[in-house]
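Report on one structure; see the data block that follows.
The values are calculated or read from the model by the stated rules, or taken from the named source; none is laboratory data. Owing to the predicted nature of the structure, the values given are computational and were not obtained by experimental measurement. Cβ sites come from the backbone with ideal geometry, for glycine too, and all protein chains shown count toward neighbours. SASA here: full protein model, heavy atoms, side chains in, ligands and nucleic acids out. Shrake-Rupley method; radii C 1.70, N 1.55, O 1.52, S 1.80 Å.
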Amino acid sequence: MCGIVGYVGPQACADILVDGLRRLEYRGYDSAGLAVFDGKRTGVVRAVGKLQNLVTALKEKPLPGSLGIGHTRWATHGRPTEVNAHPHCSGEIALVHNGIIENHIELKRHLAEEGVKFASDTDTEIVAHLIHREAKTGDDLLGAVRRALGHVHGAYAVAVMDARQPDRIVVAKNASPLVIGFGEGEMFCASDIPAILPYTKRMLPLEEGEIGVLTESGLELYTLDGKRVDRQPKTITWSASQAEKGGFKHFMLKEINEQPRAIEDTIRGRVDLAAGDVIESELGIDAETAKSLKRVYFIACGTSHHATLYGRFLMEHIAKVPSQTELASEFIGRDPVVGEGDLVVAVSQSGETLDTLAALKVAKEKGARILAVANVIDSAIPRAAHGAFYTHAGPEIGVASTKCFTTQLAAMVLLAVFLGRRRGTLEKERAQEILQNFVEIPNQMRTVLALDDIIRDLARPLAQAKSALFLGRGVSYPIAVEGALKLKEISYIHAEGYAAGEMKHGPIALIDADMPVIAVMPDDKAYEKIASNVQEAKAREGHVLAVATRHNADIGGIAHNAIYVPKVDPVLSPFVTALPLQLLSYFVADFKGTDVDQPRNLAKTVTVE
Ligand code: G6P
């Protein structure tokens, strides 16, 4: 999400910046802007919507000059409007930012007390004011940015200009990407390699906690605590299209690998570990409403529907509120009994799915309180809801949803803890335990992603199958159905996801040596029962692949093969069991040579009934 480009050198830079932003379009954005120093002052032009709108605005107000920064914004704090678009300015300072400032509310309060007036709703503008305040002490820009960032918690990549020091851009990175490009007598920075690949192949990605000064003569790099860093650029040999995919073969594989970061971004700033609580001001649910809830209805389609199955599990387990999930298209096809006292949670990665929007409207008319969970700020579904909770997966290009799915799962955890605490059904100590385990989940996900070679080998025989059965129980049932959907979406192999206990009521008739059975069976209270179901499949010559915890030593005697995931809090196991199934589908599809990122007949945003 968000794209940054910066240039310092001898050339007029507005076109270079716009060109770079164009190459970052794949990251998704809803507004864009440039700041260029013209020899006297810094001019800023910003526009909502496509880059073409920025180009048109630049025709009316050209930005001459050879020091500049540009940005494409994917809205997270504040709507996608011109005032919220970057660059943000404070005095002589202009800044672009990618990331999320966790403590923005507190920082904004302090600045407001000092008399600062804010032009936008963004967390970014706060950083511009902080740098401006520090720069007043007369120090160079590097020192001002360093001191300002000392107050900031969260994720950021920033590029900063000061019209009083017009030979430099200061850049810094913590958790959000930034790469430096080395030209001949000119320097670049960007969120990603493709933006500047046509201009230079010599690149240096910044590492966590690094801050640097770009001038025509090169890069001076330091750690945020002031130590000099000496690293040399590498020569990039990727093609432009490989670079867009971060070196991965497909966007889907890139997005699968982005999930730990996407979960971190979705959790960031929303969890108070000491209080054992979830901080969320956008939900539009006060303590009274939470306490008096009669029921939670989840409405969604496709993969988002599978995330809501987990939501229902958590809602019953943690918030102790009667819950049900509804396919949006079925909800509108009936005469649902829903109304006052009900919370309807509409979940949608695109925020635009017509069936979900229609279901939301039906529930709203009947008097229910509506909460949207979406990945695209200000899209139709959050706009129509009373409150919105945004997942911060960043744009997902692969049609088959992966990182949007797991960030929706994360939203379900946060929502259940939020309601559980307010309803008095979740003790502080257990909430602290869940949230502590939750913030550790991204690292556990990283260990699962490292199993990709093992999973690729297991995928090879599966590519020959005509059909596959995915089984799960309890918290793993949503993962089984999502695993089956992923396989059918991208490999075109027929697959069914089934509640393991239901296998004996039908699917067992299909099981023979040609029917692979994939069992999601982490170490939890459903383990013994699903182990029996798997034995039943094995007795009928079904070939069983288990996604299990190594802890369960008997798994070798139960399944033919196993993918071992780390042992985590049982209520959080979907985060580690979903990943092997995504990778499995991906490798099967890749072996079959299908169009992984754009499977036939499927669309990323479905705006038809
Ligand atoms: C399409 C997409 C799926 C998605 C579904 C629901 O079918 O290909 O990935 O799960 O729509 O979309 P939504 O945007 O509402 O989550």
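Miscellaneous remarks
- For the peptides 115-122, 421-428, the ranking by mean Cβ contacts within 10 Å, running from highest to lowest, is 421-428, 115-122.
- Two-decimal Rg to Rh for the range 412-508 - Kirkwood Rh, Cα set: 1.10
- Summarising the amide proton neighbourhood of residue 562: residues at separation of 5 or more, or on other chains, whose placed amide H is nearer than 5 Å comprise 546.
- Amide proton proximity set for residue 323, modelled H, under 5 Å, gap of 5+: 296
- Interatomic Cα distance distribution for the range 451-592, bins of 10 angstrom, percent: 13, 50, 34, 3
- Förster-model FRET efficiency, 56 Å R0, residue 228 and residue 467, C-beta, rounded to 0.05: 0.40
- Between residue 19 and residue 113, the contour length at 0.36 nm per residue exceeds the alpha carbon distance by 29.8 nm.
- Dipole-positive endmost among 206, 450, 547 within the chain (Cβ charges, Cα centre): 547
- If you plug the beta carbon distance of residue 607 and residue 294 into 1/(1 + (r/R0)^6) with R0 = 30 Å, you get a FRET efficiency near 0.40.
- Cβ-based net charge around residue 192, under 13 Å, with every Lys or Arg adding one and every Asp or Glu removing one: +3
- Principal axis dimensions, largest first and in whole angstrom, of the chain by Cα: 79, 55, 45
- What you get for the range 442-516, charging only the Cβ of Lys and Arg (+1) and of Asp and Glu (-1), is a dipole of about 80 debye around the Cα centre.
- Near-label residues of the range 66-109 by backbone N, under 20 Å of a point 7 Å along Cα→Cβ of residue 147: 89-95, 107-109
- Taking amide H atoms as placed 1.01 Å from N in the peptide plane, the amide H of residue 389 lies under 5 Å from those of 372, 373, 374, each 5 or more residues away in sequence or on another chain.
- Qualifying trypsin sites (Lys or Arg not before Pro) in the range 258-308, DSSP loop, other Cβ atoms within 10 Å at most 15: 294
- Applying 0.36 nm per residue to the separation of residue 514 and residue 140 and subtracting their alpha-carbon distance, the gain on full extension is 127.7 nm.
- Normalised per residue, the accessible area of the range 451-592 is 38 Å², obtained with a 1.4 Å probe and no contribution from ligands, DNA or RNA.
- Helix-only arithmetic for the chain: the sum of -39500 (n - 2.57) across DSSP H runs with n ≥ 4, divided by the residue total, places the mean residue ellipticity at 222 nm at -10500 deg cm²/dmol.
- Centroid-to-centroid, using Cα positions, the range 545-609 and the range 253-290 are 24 Å apart.
- Sum of side-chain charges, residue 72 neighbourhood, beta-carbon under 13 Å (Lys, Arg +1; Asp, Glu -1): +2
- Portion, in percent, of the accessible area of the chain that falls on carbon or sulfur, probe 1.4 Å: 49 percent
- Proximal lysines relative to residue 366, as straight alpha-carbon distance under 21 Å, when same-chain residues fewer than 8 apart are discounted: 291, 294
- If the segment from residue 591 to residue 358 were pulled out straight at 0.36 nm per residue, it would be longer than the present Cα-Cα gap by 80.0 nm.
- Under 9 Å, Cβ to Cβ, from residue 402 - net charge with Lys/Arg +1 and Asp/Glu -1: -1
- For the range 495-503, backbone phi angles converted through the Karplus equation (6.51, -1.76, 1.60; θ = phi - 60°) give residue-by-residue couplings of 9, 10, x, 9, 5, 3, x, 8, 4 Hz, Gly and Pro being listed as x.
- Phi to ³J(HN,Hα) by Karplus 6.51 cos²θ - 1.76 cosθ + 1.60 over the range 28-37, Hz, x for Gly, Pro: x, 6, 10, 7, 8, x, 10, 10, 10, 8
- Acute angle (nearest 10 degrees) that the helix 527-539 long axis makes with the longest principal axis of the chain, alpha-carbon atoms: 60 degrees
- The range 157-215: GluC sites (Glu not before Pro) falling in loop per DSSP and having at most 14 other Cβ within 10 Å: 184, 207, 208
- In nm, spacing of pseudo-spin labels at residue 164 and residue 281 (7 Å Cα→C-beta vector): 3.1 nm
- Listed residues 91, 226, 195: farthest to the positive end of the dipole of the range 2-244 (Cβ charges): 195
- 3J(HN,Hα) along the range 425-430: 9, 10, 5, 4, 5, 5 Hz, from the Karplus curve 6.51 cos²θ - 1.76 cosθ + 1.60 with θ = phi - 60°, whole Hz, x for Gly and Pro.
- Cα long-axis angle, helix 477-491 against the chain (0 to 90 degrees, to the nearest 10): 70 degrees
- Listed residue (305, 386, 287) projecting farthest to the positive dipole end of the range 253-439, Cβ model: 287
- For the chain, the share of DSSP beta bridges that are antiparallel, to the nearest 5, is 60%.
- Estimated from the Cβ-Cβ distance and a Förster radius of 41 angstrom, the FRET efficiency linking residue 26 and residue 451 is about 0.90.
- With respect to the chain, whose longest principal axis is taken over its alpha-carbon atoms, helix 574-592 is tilted by about 90°.
- Along its principal axes, the range 1-155 has C-alpha extents of 39, 32, 23 angstrom, given from the largest down.
- Alpha-carbon centroids, the range 447-462 and the range 182-232: separation in whole Å: 35 Å
- For the range 182-336, the solvent-accessible area of protein heavy atoms averages 43 Å² per residue (probe radius 1.4 Å; ligands and nucleic acids excluded).
- Volume of the Cα convex hull of the range 319-362, divided per residue and given in Å³: 85 Å³
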